[in-house]
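To start, the structure itself, in structure tokens.
The values are calculated or read from the model by the stated rules, or taken from the named source; none is laboratory data. Please read these numbers as outputs of a predicted model, since none were measured by experiment. Cβ atoms come from the backbone with ideal geometry, glycine included; neighbour counts cover every protein chain shown. Remember, those area values only see protein heavy atoms, side chains included, never the ligands or the DNA or RNA. Shrake-Rupley method; radii C 1.70, N 1.55, O 1.52, S 1.80 Å.
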2 protein chains.
Amino acid sequence: MNLNLMDKHQDIIDKAVQALHERTFFAQYPENPMPDVYGENADKEGREKYKTHLNTQFTELLQEDPEAWVGQEESPYEQQPLGVTYPFFSPETLVSRAEEAFHQWRKVKPADRASLLVEVLERMKTRFFEIAYATMHTTGQAYMMSFQASGPHAADRALEAIASGYEEQTRFPVSTEWEKPMGKYNLKLNKSWRAVPKGVGLVIGCSTFPTWNTVPGMFASLVTGNPVIIKPHPKAVLPIAIVVAEVQKVLQENGLTPNICQLAVDADDRLITKDLAENPKVKLIDYTGGNEFGNYVEGLPGKVTFTEKTGVNSIILDSMDDLDKVAQNLAFSVTLYSGQMCTAPQNFYVPEAGLKVGGETVPYEEVVEKIAGAVTALVNNPKAGPHILGAIQNPATTERIKGAGSVKGREVLSSSDFSNPMFANARTCTPVIYEVDATEKESYSRELFGPVVLIIKTKSTDQSIEIAKDMATSHGAISCGAYTTDPAIKEKIMDEMSLAGTPVSFNLTGGIYVNQNASFSDFHVTGGNPAGNASFTNPEFVIKRFTWVGFREPVQG
Amino acid sequence: MNLNLMDKHQDIIDKAVQALHERTFFAQYPENPMPDVYGENADKEGREKYKTHLNTQFTELLQEDPEAWVGQEESPYEQQPLGVTYPFFSPETLVSRAEEAFHQWRKVKPADRASLLVEVLERMKTRFFEIAYATMHTTGQAYMMSFQASGPHAADRALEAIASGYEEQTRFPVSTEWEKPMGKYNLKLNKSWRAVPKGVGLVIGCSTFPTWNTVPGMFASLVTGNPVIIKPHPKAVLPIAIVVAEVQKVLQENGLTPNICQLAVDADDRLITKDLAENPKVKLIDYTGGNEFGNYVEGLPGKVTFTEKTGVNSIILDSMDDLDKVAQNLAFSVTLYSGQMCTAPQNFYVPEAGLKVGGETVPYEEVVEKIAGAVTALVNNPKAGPHILGAIQNPATTERIKGAGSVKGREVLSSSDFSNPMFANARTCTPVIYEVDATEKESYSRELFGPVVLIIKTKSTDQSIEIAKDMATSHGAISCGAYTTDPAIKEKIMDEMSLAGTPVSFNLTGGIYVNQNASFSDFHVTGGNPAGNASFTNPEFVIKRFTWVGFREPVQG
């Protein structure tokens, strides 16, 4: 282990730990992709580097003796295969290599592990643009989101996990002398403690945020001494493969086996996730994705699991100063990445009596029109629309939106195919809006993944709150937005939604949106409702990955 | 809420938090029952107070409208019923009252909850002797253990949970201003966070340590804002009933409903534990007891569970300076409360080639004789035996020991009925020792609750370690003792047992025993093997009882 590495990064780790506790703004990795931050040619070089991966084997990984080369990614912008192939290994090989690596990695001190992992992030930083293009062409995210979410924001979430894991492992002394007065003499024991990692970790990624949703669990398991097997979604491998490759290089440079962090890729004819998850040697599982598989993961016996599944996110509309600003803010939130974010709002509750806006009442119908109008204006703005919408990752999402006829309600705004000026073949889709009555519970009691908005007419704001809470409690929720100028209603929303384990953003207008969560400040997912059992990054997210074990012995003499 | 209460106890809370992190000796409640500590008449008054409970209704609880009066305790010392009856409530009534109380208790601030709960411990302190006699006559513990375990040690474990819960809830800011530089302007949000309690807690007690094993979960749930239903073992109610009564009085004095902490007692014809545990409103369950019910509890869907079950505790014998001192120390450990402790050692591994003792080799057979001899000497010492052995809580334990013939091995020492000089009718039993070969795995791969020792002849210390680790990994272990003068063997034992989530005490002789765990220093149970999924008191023990939920809103102006 190169100890210089530790000196090099302790400052970053200390600042990150401090940020976790202050929860004010902190970012180690600038989110602005401008040349004055990342260098004049960084974007161009990143794009070119991305292109060199196409139609070739990804040979950067240090995992030996692949059994085959496999890959099935395709670009939502070009609707054609990327042609990148990755080494395939059987689940047995992956787990047995991880198990072997465990006994090396667990003996590295927490501070050294943390420092080594920060070094990985510093190297990842030099590849943010390459990762951004890889993200665009696997997820369909627009350029800016691809850069920010998969680059600096992901790296900051990873740093958050490193910092939290480091702090939790160093909160109790390594050793102490325990001296108990017994009257005539003192009883003296030397005591020591070890934070013992649980064992092999598996991180199951999703198709829409291949690095952002993967790195928290990945770095949390690693910093606490557990080897990890990174199993990306088969349609979004390249962005995280680059990160894994950087981890492996840093491990090897420091005299450690690269198998401490392995990439596991599905073959076309063999999906390996269940085999990995059910292997008794796998002790920790991080999962992002749909409910069905997530519930299966949570139910696996003998595993500690960390899940982010799906939910029904609500917007409660009661009163405000400026409805236009509110409608514009919400239009952005539902349009951003065509609603393919776990934090995207879906159910908008509007009382039948309308909204109180700056002392006046705006009728229900006008509210619906305003929201639909704001969405239409945004998607039709050529300077904004394409850069916000991006493309649709999965053809099934497009089908779902087109055939959302199972919703019992009036279609207020149809989804239109939207032609992206830069990519003629892009798979795109604009938001669709339905108007649904509060009595049609079945229509709005599930996640409709993608750009689908349901405006639900309620009897009152009280009923809006009741439904929002019920959705979160019964089906999960990751975000909630609320607009009210009434302090009593605000407190009621906070109280009720807190019981449903759902964070609430109040009265957002301008450049901040309900979908956005900031590292080191906003806990992402609470773990307190069916949308997931874990949170980026509260202490629980890291301490469940190791066990405190103590030793003691009488002091000699 | 009486705010003076808070000022009164903040100092105790702060000192306890500090102790948790220093892990040096700390005790808020003195373990010595001497008059100069607790007062000249404390013991006598406590005994008399205990006697006033016999053959009467326990009317101290503030839970209204009991449906019946029930009780089935009997004294292991007198083998006759205590005749104490307690108010019975149906599980539905208990849960609905707890749910109602939840909405009051959760709104009390963490610091105020902590302070109120310390006040309870200060009142409990005035009843330590009464609780001690109640413990003797329900559990069969000897006087000294009854006093220490159910009184000061339990109160310190409760304080540990309060301190840990208080610290975890106050580690992040209540609110902050978040300001993000956006280039041309700064984005400013007011943010706030709440530690939201999970909901109704259920604490299921055991028959042998009615307060010590109950108060950690009870106070951990309470300090984090959850109402609790305390469900003791039907044979050991009185000690914890007194504690619950004190909680209820302090709650009421502070304007809060006593239903924040309810006692739930089984009727003779109606066991209510499963009904309580399966109630969907019950979110948290603490459990101490056997494996079968413990596994059922852990498997209940939608609950956060904290279990302490059973295990197979090992003693690894390799080398030492003085075998007599070792044998005396171990004899005490197996004799203490007739082995009815979850930390009592059971499997002693001795290599067939014998032990290295001060440079000489002591043959295997002589080691066995020494251990048996030390037990015999201890139980036959009239000044020690009765005060260490106590009585047998459950007649089934006596039967098990008498009929331990299923163990395939030689009986080295028979258990004898032991007559207690103070209680002619006491149900007593001295340790039985079997010699078993390492090949007879089935005989030693389970907990034989009570004073049963198996001396297992192994091929080598390496095999001893291997078996000890396998027992802990497969069947659980709460303690492990090891004797070696070889640093390499010591490190191997630490490494292997740490992977099995088992703390190790090395080379104990004199007045400290493997069964003893100190509050604020020794984590009790690690949560890292099948003996239980929780630990007194690591951060996980408290943080799983609440959810961090955040709120944010743009700064006005």
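Tabulated values for the structure
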read-out: Pick from region B:85-127, criterion among the aromatic types (F, W, Y) and not in a loop (DSSP other than H, G, I, E, B), ranking: nearest to B:K235 (Cα to Cα); value: B:Y86
read-out: Qualifying residue in region A:418-425 (condition: in contact (Cβ under 8 Å) with a residue 60 or more places away in the chain, among the small types (G, A, S) and either farther than 30 Å from A:L355 by Cα or out of contact with any helix residue (DSSP H, G or I) (no Cβ under 9 Å at 6 or more places or on another chain) (or both)); value: no
read-out: Among residues of region A:15-47, those that are on the phi > 0 side of the Ramachandran plot and in contact (Cβ under 8 Å) with a residue 24 or more places away in the chain, counted; value: 1
read-out: Helices (runs of 4 or more DSSP H) fully within region A:345-432 counting 2 or more residues that are modelled with pLDDT under 95, open to solvent by 40 Å² or more (accessible area, probe 1.4 Å) and assigned by TED's automatic domain parsing to the domain that holds A:D322; value: A:395-402
read-out: Options A:G71, A:G83, A:G39; residue that is away from every other protein chain (no Cβ under 14 Å), of a type in the set (G, A, S) and touching a Phe, Trp or Tyr at 6+ places or on another chain (Cβ under 6 Å); value: A:G71
read-out: Filter pass, B:M124 being closer than 30 Å to B:E73 by Cα, open to solvent by less than 10 Å² (accessible area, probe 1.4 Å) and more than 17 Å from the chain's Cα centre (by Cα); value: yes
read-out: From A:E540, A:E466, residue being open to solvent by 30 Å² or more (accessible area, probe 1.4 Å) and either within 7 Å of chain B (Cβ to nearest Cβ) or among the small types (G, A, S) (or both); value: A:E540
read-out: Answer residue from region A:518-537, given it is more than 9 Å from every other protein chain (Cβ to nearest Cβ) and part of a loop (DSSP other than H, G, I, E, B) and is farthest from the chain's Cα centre (by Cα) among those; value: A:P530
read-out: Region B:284-301 - residue that is out of contact with any helix residue (DSSP H, G or I) (no Cβ under 9 Å at 6 or more places or on another chain) and free of Cβ contacts under 8 Å to residues at least 24 places away in the same chain and, of those, most open to solvent (accessible area, probe 1.4 Å); value: B:E292
read-out: Tally, over region A:482-516, of residues that are touching a residue at least 60 places away in the same chain (Cβ under 8 Å), open to solvent by 20 Å² or more (accessible area, probe 1.4 Å) and within 9 Å of another protein chain (Cβ to nearest Cβ); value: 3
read-out: Any hit, region B:140-158, residues being of a type outside the set (A, V, I, L, M, F, W, C), within 19 Å of the chain's Cα centre (by Cα) and over 20 Å from B:F536 (Cβ atoms); value: yes
read-out: Those residues of region A:3-40 which are farther than 27 Å from A:P539 by Cβ and either in contact with a helix residue (DSSP H, G or I) (Cβ under 8 Å, 6 or more places away or on another chain) or outside any loop (DSSP other than H, G, I, E, B) (or both), in sequence order; value: A:L3, A:N4, A:P30, A:P33, A:P35, A:D36, A:V37, A:Y38
read-out: Qualifying positions in region B:543-557 - within 7 Å of chain A (Cβ to nearest Cβ), open to solvent by less than 10 Å² (accessible area, probe 1.4 Å) and in a loop (DSSP other than H, G, I, E, B); value: none
